[in-house]
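Some notes on the structure that comes next.
The values are calculated or read from the model by the stated rules, or taken from the named source; none is laboratory data. The structure displayed is predicted, hence computed values, not measured ones. Cβ placement follows ideal geometry from the backbone for every residue including glycine, while neighbour counts extend to all protein chains displayed.
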Amino acid sequence: MRIADRIAAYRKAFPQYPDSWPVCQTGRWMNATMILGNNYKGSGMYGAYPPSYLKRMAPMFTDCPRVLHLFSGSLPPGPYTRVDSRPSMNADVVANAEDGLLAAFGPGSFDIVYADPPYSAEDAKHYDTKMINRRKVLQQCREVLRPGGILAWMDVILPMYRGVDWIHFGNIHIIRSTNHRVRLVSLFKRRPL
């Protein structure tokens, strides 16, 4: 699906949010700001996906039916695969994102990976886990995505990536509410081998 088609699908699904409509520049780049509003309900888990985040992302990726949620935390079961390193999270698969994804799934198993890792060592302490090595996790994501598959990486930084592995095609700024960090969803497409 072309970037312009993804943007059109979002605009059709959410005409009530004209301020967050993604824009496309030069046919290869998407930029957007999603203001998700003062919804403090969420899952109650520290650092969980902002309410309505997945609902707002879904229309742009209807061509990606095989979905992996990495660092899934409190995400409920659904028509996707949840992976977390902590058995207490009751994910579909308990695996280490730095070196266990390929062994758990095999190459090209997914069309899209949503990743929401701990953003800092302090955040990792809240999750009772260690801080991840972003480079290693990106490599594992690349291995389990089909060529042309999408990685939606939510963080407070743009992770370091290799241009031979990824095409960075967009950024979405996520503003949940006041007194929350502004998160960045970096969008990547996996290059063919």
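Taken over the range 1-50, the criterion of being aliphatic (A, V, I, L, M) and modelled with pLDDT of 80 or more is satisfied by MET1, ILE3, ALA4, ILE7, ALA8, ALA9, ALA13, MET30, ALA32, MET34, ILE35, LEU36. Being at pLDDT 95 or above, over 18 Å from LEU101 (Cα atoms), out of contact with any Asp or Glu (no Cβ under 8 Å at 6 or more places or on another chain) and β-branched (Val, Ile, Thr) is the requirement here; does ILE172 meet it? Spelling it out, it is not the case that ILE172 is at pLDDT 95 or above, over 18 Å from LEU101 (Cα atoms), out of contact with any Asp or Glu (no Cβ under 8 Å at 6 or more places or on another chain) and β-branched (Val, Ile, Thr). Within the range 140-151, at least one residue is of a type in the set (Lys, Arg), closer than 23 Å to ARG66 by Cα and in contact with an Asp or Glu (Cβ under 7 Å, 6 or more places away or on another chain). Condition check: within 17 Å of the chain's Cα centre (by Cα), surrounded by fewer than 16 Cβ atoms within 10 Å (Cβ to Cβ) and part of a helix (DSSP H, G or I). Does ALA48 satisfy that? Spelling it out, it is not the case that ALA48 is within 17 Å of the chain's Cα centre (by Cα), surrounded by fewer than 16 Cβ atoms within 10 Å (Cβ to Cβ) and part of a helix (DSSP H, G or I). For LEU187, are the conditions met, namely being under 12 Å from the mean Cα position of the chain (by Cα) and not charged (D, E, K, R)? Considered against the rule, which asks whether it is under 12 Å from the mean Cα position of the chain (by Cα) and not charged (D, E, K, R), LEU187 comes out as yes. Scanning the range 102-116 for residues that are more than 12 Å from the chain's Cα centre (by Cα) and crowded, with 19+ Cβ neighbours inside 10 Å gives PHE105, PHE110.
Applying a threshold of 6 Å to beta carbon distances and a minimum spacing of six or more residues, or different chains, the list of pairs starting in the range 117-131 at a residue that is exposed (fewer than 12 other Cβ atoms within 10 Å of the Cβ) and ending at one that is assigned to a loop (DSSP other than H, G, I, E, B) and modelled with pLDDT of 85 or more reads ALA121/MET131.
Condition check ((1) β-branched (Val, Ile, Thr); (2) touching a Gly at 6+ places or on another chain (Cβ under 6 Å); (3) not in a strand (DSSP E or B)) across all residues:
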residue	(1), (2), (3)
TYR114	no, no, no
LYS125	no, no, yes
LEU138	no, no, yes
TRP153	no, no, no
LEU158	no, no, yes
ILE172	yes, no, no
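Taken together, VAL94, VAL164, VAL137 contain a single residue that is under 30 Å from ASN31 (Cβ atoms), surrounded by fewer than 19 Cβ atoms within 10 Å (Cβ to Cβ) and either β-branched (Val, Ile, Thr) or in contact with a Cys (Cβ under 7 Å, 6 or more places away or on another chain) (or both), which is VAL164.
Which residues, taken from the range 62-81, are under 24 Å from ASN133 (Cβ atoms), in a loop (DSSP other than H, G, I, E, B) and not aliphatic (A, V, I, L, M)?
Keep residues of the range 62-81 that are under 24 Å from ASN133 (Cβ atoms), which gives 67-75, 81.
Of the ones still in play, those that are also in a loop (DSSP other than H, G, I, E, B) are 71-75.
Across the range 62-81, the qualifying residues are PHE71, SER72, GLY73, SER74.
Apart from one condition, GLU98 fits all of (1) touching a helix residue (DSSP H, G or I) at 6+ places or on another chain (Cβ under 7 Å); (2) modelled with pLDDT of 95 or more; the exception is (2).
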